[in-house]
Amino acid sequence: MSRLITITINDKPYQVEPNQTIMQAADKLGFHIPRLCYHPKLSIEGACRVCIVEVEGMKNYVASCAFPVSDGMKIRTNTQALRTARRDIIELILDNHPQDCHTCERDGNCELQRLAASMGIRARHFEGERKRYEKDLSSEAVIRDPEKCILCGRCVRMCSEIQQVHNLTQAHRGFHTVVMPAYNMPMGESVCTACGQCINVCPTAAFLEKNYTQELFEKLNDPNLVKVVQFAPSVRAAIGEAFGLEPGLNMEGQLIASLRKLGFDYVFDTQFSADLTIMEEASEFLERLQSGGVLPMITSCSSAWMKCLEQFYPDLIPNVSTCKSPMSMQGAITKTYFAKKKKIDPRKILSVAVMCCTAKKYEAARPELMFDGMRGVDIVVTTREAAWMIKSAGIDLVNIQPEEPDHPLGISSGAGAIFGATGGVMEAAIRTAYELYTGETLVDIEVEAVRGLKGIKEGSITMDGKEIRVAVAHGLGNACRLLERVRQDPSRYHFIEIMGCPGGCVGGGGQPYAQINSIPLDDENLRKRAQALYDLDKAKTIRRSHDNPDVQKLYKEFLQSPLSPVSHQYLHTHYKAKTPVGIIPRNERTLSGDSK
Amino acid sequence: MTQNQTEKLQAIREAMLAARNDAHPESHLIGILHKVQDVFGYLPREMMDEVAQTLEIPTAHIWGVATFYHYFNLEPIGRHVVSVCMGTACYVKGAASVLETLKKELGVEVGKTTSDGLFTLQEARCLGACGIAPVMMIDEKIYGQLDSKKTVDIINQYRKAAAEEKSAVGAETRRGKP
């Protein structure tokens, strides 16, 4: 530990660590300096100037997010002059911002709105020229609305530094600056992977998911449709936050009951098809392992990762599992097996998915996933949209009596539940692959090596004397560094799990916005959501996918066996190289370490 | 593409390959974009793509740089670039009305090129000729003490020169035919 230094904040002396910024030191001492462009996981931008403080001896106010503490420094955080300056800064930002708070999707969830309120801004003093731009509605998943943008640059840094997709830039200059993809390309034609992390970190509504709630409400009222819904593992671990509950509560039963009240005829669980995915994926892995197929095999559950693969890593397409994602498998089984069993015309089924993810909207529309001329999933709504619909319909998710999912696509194992956390798919696959390969049951099924928020995790398991080396990456930036290792040494691993979002699906681009006094993608919050899923796993009697009785029945009655021709027809897909080609700077690909 | 342009393009590609191996390829970006503009008069999208792929710099970053600097043109430019000085001295002496005259006479907005491809209209900051304000620069040549009539006359001189050149070329072509 380095020697402590003394600083003074608002006339009181404190002993603090050197080599940190004023904001970091102040945070630890309980002074919350207002901020806007700052995010602890991103580089320091210092653009918004909201976090200015007074430092004795300095001519001007300094940005506390960027200014380091030094011994003897005298800091003031809340003088009248500072309050006025900060208020003016926010007022000037507001002046160049639409005055439509009460009709804005982020109303009640907007950091700019909160700041304005906390500064005591109760009137607009400045009326000047305001920027005006069209919304970019071209993407299936992510909407860009430059009019709402306040140029904090968090999205640009998230997209470049954490996801390393580098789709966004601040183009042009001064008053004309706009956040956009290269050449002002529509988002739908850009290298955007649809992960939605720009939405998560945006303080305003400059990025939003493409909203399907109105269309869904209409269809829920159509008496000619059979309405079927599935929901992803991590939705249950996060939706409570949208209702003001603490993070990490498992709201599974309440969510099922609420979806029924919304008007769904059948509420299924995507965890069922997570088990199904494991049956197919583990079998595919063993087939590759035993017949000298392409290894390492890489998982294909994350739709943002799939789009990233096709644009950034086309050379690795042969490594990626042909399995559709659990959502798409569930959609396919709903419109085939379930429809046949219930004697329903599959064209009359409205197949809806509630997902923690924005990229699933893009995935559901992929033509490669169609079968018998149909989409497996007709509408995808995010956790946020589902929470809004439930509130809008006057359903009390918090106090509702919990209910069970419907059959035959509702029962799931603990392995299906942990899909939502980074490393979960790998852990679930190991539980099943081990038994399929050795014929023995794996006793110690909790694979600690692949759990947690480390950027790249490695582990190994011995099956019949054979060492299987596995690796797990979450967030596309970590994936990039892991895949660079694979390119350099293809024999280093046998099996790899990649999730596009930080923390895996629990940190998805469609999860509830950060609550007051929280920050987007806070590690503690991600850990709590993941823990809810691990607890769910622990509480289940069935913890291995192949022990799921309904999955066994599905194979017996319809699919025959994993990798059968019927399975291939409905549960597998293919990928191909797509443009525009993604470019990742060389020095970022070869970064050692595994930052978050 | 002329022989000269082809040679210059070849030199750019060699410079890019050298920059690619540098520890910081991005530090060569602006220099290379300058060279591209020198060849084409603007930054064609295909060339920005090529620079991105060769230097392994994300296309969005190149777009950020290309749009930030006033110097870079993102659209093809005309044969003659007309820059009106909007510096303080020129502005006080009536630069705004010179600019209005040019917009009307050429039928284009600032930053745009006439449909015949002859002129691109631009604004400039101080051109350093405040003594003869208001001024405009056509290519490398400065014209001072402008008013509306003088401005139009100068433009017409360029138009006349271009027309004469065209008919001379036409006559030559006709003579060349049997």
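Values in this text are rule-based calculations from the coordinates and carry no lab data. This is a predicted model, so every value here is computed, not measured. In this analysis, Cβ positions are derived from the backbone assuming ideal geometry, glycine residues included, and neighbour counts consider all displayed protein chains.
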0 to 90° range, to nearest 10: angle between helix A:476-488 axis and chain A longest Cα axis: 60 degrees
Peptide B:140-151, shielding by other chains (average Cβ, 10 Å cutoff): 0
Listed peptides A:86-98, A:474-486 by packing density, highest first (mean Cβ within 10 Å): A:474-486, A:86-98
Relative contact order of chain B, pairs being alpha-carbon contacts under 8 Å that are 6 or more residues apart, as %: 17 percent
When the stretch B:76-165 is reduced to its Cα atoms, the Kirkwood hydrodynamic radius in Å: 12.8 Å
Rh (Kirkwood; distinct C-alpha pairs) - the stretch A:290-408, Å: 16.6 Å
The stretch A:205-358, dipole about Cα centre (Lys/Arg Cβ +1, Asp/Glu Cβ -1), debye to the nearest 20: 700 debye
Listed pairs A:Lys135/A:Lys528; A:Lys41/A:Lys360; A:Lys348/A:Lys391; A:Lys131/A:Lys361; A:Lys210/A:Lys341; A:Lys261/A:Lys576 exceeding 32 Å between Cα atoms: A:Lys135/A:Lys528; A:Lys210/A:Lys341; A:Lys261/A:Lys576
Normalised contact order of chain A, rounded percent, pairs of Cα under 8 Å and 6 or more residues apart: 16 percent
Tail beyond 28 Å, pair distance distribution of chain B (Cα, percent): 40 percent
Gain upon complete extension [A:Ser392, A:Lys348; 0.36 nm per residue less C-alpha separation]: 13.3 nm
Projected label distance in nm at A:Phe126 and A:Asn587, using a 7 Å step from Cα toward the beta-carbon: 3.5 nm
Whole-angstrom gap from the stretch B:76-151 to the stretch A:120-185, using each part's C-alpha centre: 33 Å
Net charge of Cβ neighbours under 9 Å - reference A:Gly510; Lys, Arg +1; Asp, Glu -1: +1
Tilt relative to chain A, helix A:270-291 - C-alpha long axis, 0 to 90 degrees, to 10: 70 degrees
FRET efficiency, A:Ala577 to A:Arg83 (Cβ-Cβ, R0 35 Å, nearest 0.05): 0.05
DSSP-defined antiparallel bridges as percent of all bridges, the stretch A:3-129, nearest 5: 85 percent
Part-to-part distance (alpha-carbon centres) for the stretch A:403-433 and the stretch A:40-119, which is given in Å: 44 Å
Rounded FRET efficiency, nearest 0.05, which uses the C-beta distance separating B:Val152 from A:Lys74 and R0 of 56 Å: 0.30
Rough spin-label spacing in nm, given labels placed 7 Å along Cα→Cβ, for A:Ser43 and B:Gln10: 3.8 nm
Semi-axis lengths (Å, descending) of the ellipsoid that matches the C-alpha gyration tensor of the protein assembly as shown: 52, 34, 27
Förster radius 45 Å - calculated FRET efficiency between B:Glu109 and A:Asp523 (Cβ-Cβ, nearest 0.05): 0.35
Peptide B:48-61, shielding by other chains (average Cβ, 10 Å cutoff): 6
Net charge dipole size for the stretch A:94-209 [Lys, Arg +1 and Asp, Glu -1 on Cβ; Debye, nearest 20]: 380 debye
Spatial extent of the stretch B:3-68: Rg and Dmax, with the Cα atoms as the point set, Å: 11.0, 33
Antiparallel DSSP beta bridges within the protein assembly as shown, percent to nearest 5: 55 percent
Rounded to 10°, Cα long-axis angle of helix B:45-55 versus longest principal axis of chain B: 30 degrees
Length released on extending from A:Thr322 to A:Arg3, taking residue separation times 0.36 nm less the Cα-Cα span: 109.3 nm
Net charge dipole size for the stretch A:363-457 [Lys, Arg +1 and Asp, Glu -1 on Cβ; Debye, nearest 20]: 460 debye
A:Ser291 versus A:Asp550: modelled label distance in nm, points set 7 Å from Cα along the beta carbon direction: 3.1 nm
